[in-house]
Amino acid sequence: VSTLRIAVVGADAAGMSAAHTALRAARAAGRAVLVTAIEATEHTSYSACGIPYWIAGDVPGGDDLVARTAQEHRAAGIDLRLGTRAVGLDLARRVVTCVGEVPGEVEYDELVLATGAVAIVPDWARTPDGGLVAGVHPVKNLDDGAHWIELLAGAGERDGPARAVVVGGGYIGIEMAEALLRRGLSTTLVTRGRVMGSLDDDMGGRVGAAMVAAGVDVHTGTTVERLETDEGRVSGVVTAAGDRFPADVVVLAIGVEPATALGGDAGLPLGIADGYLPDAGGRIAPGVWAAGDCCEVEHRLTRTRTFLPLGTHANKLGRVVGDNLLGADRRFGGALGTAITRFVAGGVHAEISRTGLSSDEAGAAGHDVVALVTEGSTASGYMPEAAPIATKVIADRTTRALLGVQVVGGPGSAKRVDAAAAALWGAMSVDDLAGMDLSYAPPFATTWDALQISARRLAERI
Ligand SMILES: Cc1cc2nc3c(=O)[nH]c(=O)nc-3n(C[C@H](O)[C@H](O)[C@H](O)COP(=O)(O)OP(=O)(O)OC[C@H]3O[C@@H](n4cnc5c(N)ncnc54)[C@H](O)[C@@H]3O)c2cc1C
């Protein structure tokens, strides 16, 4: 049998999960493979998720966020080509054309597209020549992280940056507001919608209130229209309503979009969010596979395609693809929209998580939605650990199926969502969740866990 030539475009979470899984599968099968990984930047296999904590000062340097170095990939047998961008794809000839440090054509038998997503940069953040206004920057990759470390040099000192505006109220905006507040900047958050819009209003509102209590100046329903500059550097943000917020630095956290131009130009089908549409095995066309943020994945509850750019899916689908490249028949089980974050600054500790469908999403999917928020405690009330926790359980009134859970609370709150995610994965009812054998001891939970109290109360009302 001839050597199987695998080309991987994009050498971060999804691409390198696929590459290493394929190497392991080939070794197990005694099959010769040649894996070429093409990466536009100088970085591989790093945790973008850790960047806000690097900027906040919890993590000493960008290198600490690297899970596997280029040398480690190469030692494992991968032909890793850094600083090399794939710019053309000929599906008929099975050839990728590259420019950069290793220019030329890469021939493949199997191709993995793992190009991730790019941060959305609005026109108002750009200079006339298409660059970014100085002091304004997104938070996407390690280079962006390093840029933020530079921008924030001297923060908290007399001549350092003192005022920040975060644009976008999603989880990256919240994590950056935490980082900036902890670095000593007076911080404003401006968002077109609500804070944490993936939660129901009554739960997202709790996050916004926690941020206000910590000292963040939060403006929801507010659209940025333009910037003010002083000698080319940002000095303020002006909203559509004409309000002006002074700023030495501005975080762009208004979302990402799938990086799919390479395959799109080659004629591969794209979904409504412009993502690739892999089947459960990760295949998008004969000899072509995709995984990670460049994809729209299947929602396990609605069976529709959703753009959920999260590292957890990138790693899982990447692994599925890696095995299937060598002929396995593994399947990605779908996504529930499970997500977790926190806002910890200014004396406030708010943990935030969600899984399944929000009330709006459940309604749009045709459910007869019933939902309830319950206030509880993370530990027995007599324990010093006890902190407030609000849990929202969303279910279908007719079938009693559990549809979603959202949590906002103090230390120890957010990871409770995983029990709910497991219940959703197993298609349980709200009664099942209320009756499950969950753990209890005074420092960790109340005798009935907050999640179960919430499920039980909702079950009683249906
Ligand atoms: C600040 C931040 C915090 C996050 N926090 C979390 C979290 O807490 N939990 C979570 O689950 N997820 C989190 N994420 C999301 C997570 O980082 C991504 O889902 C994950 O990185 C996706 O992996 P990927 O391999 O699909 O794409 P990426 O990590 O974007 O990698 C794609 C790679 O492809 C390269 N590339 C693109 N086009 C080309 C081309 N044409 N040629 C060559 N190379 C190319 C890019 O340079 C990039 O290195 C966070 C993201 C950010 C930015």
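Data table
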read-out: Residues that are of a type in the set (V, I, T) and within 11 Å of the ligand (Cβ to nearest atom), drawn from segment 33-81; value: I38, T41, T44, I51, I55
read-out: Residue among I272, I254 that is closer than 22 Å to I51 by Cβ and of a type in the set (A, V, I, L, M); value: I254
read-out: Members of segment 175-184 found to be closer than 17 Å to N141 by Cβ and either among the hydrophobic types (A, V, I, L, M, F, W, C) or more than 15 Å from the ligand (Cβ to nearest atom) (or both), listed by number; value: M176, A179
read-out: Hits in segment 147-174 - residues which are within 13 Å of the ligand (Cβ to nearest atom) and either small (G, A, S) or open to solvent by less than 20 Å² (accessible area, probe 1.4 Å) (or both); value: W148, V166, G168, G170, G173, I174
read-out: Residues located in segment 144-158, provided they are out of contact with any helix residue (DSSP H, G or I) (no Cβ under 9 Å at 6 or more places or on another chain) and part of a loop (DSSP other than H, G, I, E, B); value: A153, G154, G156, E157, R158
read-out: Residues within segment 312-333 that are of a type in the set (G, A, S) and surrounded by 18 or more Cβ atoms within 10 Å (Cβ to Cβ), tallied; value: 3
read-out: Among (1) assigned to a loop (DSSP other than H, G, I, E, B); (2) more than 12 Å from the ligand (Cβ to nearest atom); (3) among the aliphatic types (A, V, I, L, M), the one test that I284 misses; value: (1)
read-out: Options I284, I254: the member that is of a type in the set (A, V, I, L, M) and over 24 Å from S353 (Cβ atoms); value: I284
read-out: Qualifying residue in segment 266-277 (condition: without any contact (Cβ under 8 Å) to a residue 40 or more places away in the chain, within 12 Å of the ligand (Cβ to nearest atom) and open to solvent by less than 20 Å² (accessible area, probe 1.4 Å)); value: yes
read-out: Whichever residue in segment 355-399 is open to solvent by 70 Å² or more (accessible area, probe 1.4 Å) and under 27 Å from the mean Cα position of the chain (by Cα) and, among such residues, is farthest from D200 (Cα to Cα); value: P388
read-out: Residue within segment 235-253 that is within 15 Å of the ligand (Cβ to nearest atom) and under 30 Å from V99 (Cα atoms) present; value: yes
read-out: Residue in segment 442-455 that is surrounded by fewer than 19 Cβ atoms within 10 Å (Cβ to Cβ), over 16 Å from S359 (Cα atoms), touching a helix residue (DSSP H, G or I) at 6+ places or on another chain (Cβ under 9 Å) and of a type outside the set (A, V, I, L, M, F, W, C) present; value: no
read-out: Segment 329-344, residues that are of a type in the set (F, W, Y) and assigned to a strand (DSSP E or B); value: F343
read-out: Condition check for A350: assigned to a strand (DSSP E or B), buried (at least 20 other Cβ atoms within 10 Å of the Cβ) and away from the ligand (no atom under 14 Å from the Cβ); value: yes
read-out: Residue within segment 215-234 that is under 21 Å from the mean Cα position of the chain (by Cα), polar (S, T, N, Q) and at pLDDT 95 or above present; value: no
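The values are calculated or read from the model by the stated rules, or taken from the named source; none is laboratory data. None of these values were measured; they are calculated from a predicted model. Cβ coordinates were reconstructed from backbone atoms using ideal geometry, including for glycine residues, and neighbour counts include every protein chain displayed. With ligands, DNA and RNA removed, areas are computed over all heavy atoms of the protein, side chains included. Shrake-Rupley method; radii C 1.70, N 1.55, O 1.52, S 1.80 Å.
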